[in-house]
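Data block below; observations after.
Throughout, read-outs are computed from the coordinates displayed, never taken from laboratory work. Everything numeric here is computed off the predicted structure, so don't read it as measured data. All Cβ positions, even for glycine, are placed from backbone atoms using ideal geometry, and neighbour counts span all protein chains on display.
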Amino acid sequence: MNEARRHDDANERGSAQNHGASVGLSFDKITIRGGIPLVGRIELKGAKNLVTKAMVAALLGETPSVLKDVPNISDVRIVRGLLEVHGVKVTEGDEPGDLILDPVNVESAHFAAIDAHAGSSRIPILFCGPLLHRLGEAFIPDLGGCRIGDRPIDFHLEVLRKFGAVVEKQPNGIRMSAPNGLKGAKLELPYPSVGATEQVLLTAVRADGITELKGAAIEPEIMDLINILQKMGAIITVDTDRVIRIEGVERLTGYHHRALFDRNEAASWAAAALATNGDIFVGGARQPEMLTFLNVFRKVGGAFDICDDGIRFYHPGGDLKPVIIETDVHPGFMTDWQQPLVIALTKAHGTSIVHETVYEQRFGFVDALVDMGATIQIHKECLGGHPCRFGQRNFNHSAVITGPTKLHGADIVVPDLRGGFSHLIAALSADGTSTVSNVGIISRGYENFIGKLRLLGADFDLEG
Ligand code: EPU
C-alpha cells in the first residue's frame, strides 16, 4: 500500500467526522406544502445497518457472495467504492437490489484511492479484520457518519489489539498489520456497541482459536450478520447474557442472503403516518424486530395492522397521548427511532420525555422544530427513568416535549440522517410551506425517499 500524504491527527477518541456526503441527488432543497395526510403503500429493502456490514463480510469469502434487497442509498455506494478499490468486483444481479460481490482478487489499495473515502461513513473501520486476514495489512481512512456525539473507536482498536493487530495512528487514518496473524481472544466490551461487536465477529471468524465476547450487542442486524457468517462457514454461538463465542475457521466461502428489512426506515414512515394523520402500509416490515417500537406507537395513540407482507401504520383518530421513552440498546427502544417520533409527540396532549442514553448529542434536530412552533426543552439531567452514563457529563441528552402544538412552516436545515427525516415529517405535518435544505444527507439511509413521498401524496417541489 502506498502512502502519499499525511495531515490531521486521527484521534482514537473520535476521528474526524464529516457530514454524510449527499451522493446521487440532483437537488438539495425541498419546498413542502404541509398539512396533507400521507396515504399509500411503500416497500422497504434491506437494512442499511446490516447491508453495509454484509458487503464487508463478503471480503472474507474465497468465492463470490450474493446479497439481495440492497437499497440504493449513498452509504451502500460508499462501501461499494471502498470494496472496489481493494479489488472486489461488484456487479448488479438479475433482480433489482441484487449485488454480487466477488472477492477472489482482493489486493492492497493505493492510499489516494482509500483516502478518497475519508469522512464519508463509519463503515470503513469494519474493513480491519477482513483486510488483515486477506492481506496482512489495512489502512483505514478518517471516518465520517452523523454528528450525534463523539463516536469514538476506542473499543474497536482495543479488541483488534487483543486479536494481535498492530495499530498505528497516522495523520489521516489508521494503519494496521498483523505480523503474527490474528488469534482468538477473551474480550469484554464496556458498552454493548453495535460496531465493536461487528468488528469482533468479522475478525474472530477467521482468527486462530476461540474468541469469547462478553457484553456484546445483540441487535437484529447483528443476528443477521451472524446468519450470513454461518452461511459462509463460520462457527458462532450466541449464549445468554450478551456472550458470543466464535470458533475461528481457516476458510470461508461466499454467501447467498436476502438482507433483513430496514426497521429504522419502517419506524420513520410509521412516525410520518402518525404525525400527518395518515395511513401508510410499509411493505416488508415485520413484527418481531419492531416489537418495542410497536408498543410505544400504540401508547402514543397510533394504530397498526400486522400482515404477512408488511405492517399498516395509521392514525386512528382521537388525541395523541404523551409518553416517556428511554432509548437503549436492543431490545430497548432504538435511538434511531426517537427523532421521527418526536414530531408526533409535539401533537400529543401533555408532556412527553425522551431520555437519549445511546448518543450524547442526538437532539441537534430540535432547534428547527422549536422555530416551527414546538415546545421542546433539552436538559442535561437524566429525566424520566434511570440514570445513564451521560448524566454526570454535562450532555444535553433529555428532551421534554409539551403538546399539543401546531407546527408552522419554516426554512430548516437537515443536521443528520434521522434528524433529517424528522425535519421532513415536521414540514409535511406543518401548516403552510417549509423549505428543507441539505436533504442529501437523507439519501445516506433512505432509498428513493422522494419517490416514496410522491407515492404517498405529499405536495412538494425540488430545488438544486
Ligand atoms: N462507543 C464508544 N467507543 C467505541 C464504539 C462506540 O464509546 O469504540 C459508544 C458510542 O459513542 C455510542 C455507543 O457506544 O455512544 C453506541 O455506539 P455503537 O458502536 O453501538 O454505534 P455504531 O455502531 O457506531 C450503529 C448504527 C447507528 C445506530 C447505533 C445504535 C451503523 C452504521 N450505525 O452505530 O445508526 O444508531 O448502531 O444502534 O450501523 C443511523 O442509522 O442513523 C445510525 C446512527
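Once the Cα atoms are used to define both axes, helix 335-345 deviates from the longest principal axis of the chain by about 10 degrees.
Here the sum of -39500 (n - 2.57) over DSSP H runs of 4 or more residues, divided by the residues of the chain, equals -8000 deg cm²/dmol at 222 nm, to the nearest 500. A straight Cα-to-Cα reach below 24 Å connects K299 with the lysines K321, K347, K406, residues fewer than 8 places away in its own chain not being considered. Here the chain carries DSSP beta bridges of which approximately 75% are antiparallel, counting only pairs with both residues inside.
For the stretch 394-433, what is the relative contact order in percent, using Cα pairs closer than 8 Å and at least 6 residues apart in sequence?
Numbers: 22 pairs, mean separation 19.5, N = 40.
Once normalised by length, the contact order is 49 percent.
Could you order the peptides 419-427, 311-319, 391-399, 37-45 from most to least packed, using the average number of other C-beta atoms within 10 Å per residue? If you can, show how the numbers build up before the last one.
On the way: 419-427: 27.9, 311-319: 16.2, 391-399: 17.9, 37-45: 19.8.
The peptides rank, most packed first, as 419-427, 37-45, 391-399, 311-319.
How far is helix 154-163 tilted off the main Cα axis of the chain, in degrees rounded to 10, range 0 to 90? Long axis of 154-163 versus the principal axis of the chain: about 30 degrees.
Couplings for the stretch 425-442, taken from phi via the Karplus curve 6.51 cos²θ - 1.76 cosθ + 1.60 with θ = phi - 60°, read 4, 4, 5, 5, 9, 7, 7, x, 9, 10, 10, 9, 9, 6, 6, x, 4, 5 Hz in order; Gly and Pro are left as x. For the stretch 407-464 and the stretch 285-329, compute the distance between their C-alpha centroids and round to whole Å. Centre-to-centre distance over Cα atoms comes out at 22 Å. Checked against a 22 Å cut-off, the cross-linked pairs K48/K214; K29/K452; K68/K183; K183/K214 give Cα-Cα distances beyond that limit for K48/K214; K68/K183.
What ranking do Y191, Y446 get, fewest neighbouring Cβ atoms within 10 angstrom at the top?
Details: Y191 11, Y446 25.
Fewest-to-most Cβ neighbours within 10 Å comes out as Y191, Y446.
Take every Cα pair under 8 Å whose residues are at least 6 apart in sequence, average their separation, divide by the length of the chain, and the relative contact order is 22 percent. Taking amide H as placed 1.01 Å from N in the peptide plane, I174 has its amide H under 5 Å from the amide H of I140, each at least 5 places away in sequence or on another chain. Partners of K380 within straight-line reach, counting aspartates and glutamates whose Cα lies under 13 Å from its Cα and excluding those fewer than 8 residues away in the same chain: E356, E360. Between the amide H of D459 and those of R33, distances stay under 5 Å, these residues lying 5 or more places away or on another chain, with hydrogens modeled in the peptide plane. In plain terms, the residue of E356, E289 with the fewest other Cβ atoms within 10 Å comes first and the most crowded comes last, giving E289, E356. Normalising the average separation of contacting C-alpha pairs (under 8 angstrom, six or more residues apart) by the number of residues puts the relative contact order of the stretch 48-258 at 21 percent.
In the chain, the longest principal axis of the Cα atoms and the axis of helix 48-57 are about 10 degrees apart. One Cα centroid belongs to the stretch 382-402, the other to the stretch 171-192; the line between them spans 32 Å. With neighbour counts taken as other beta-carbon atoms within 10 Å, the residues V88, V205 rank, fewest first, as V88, V205.
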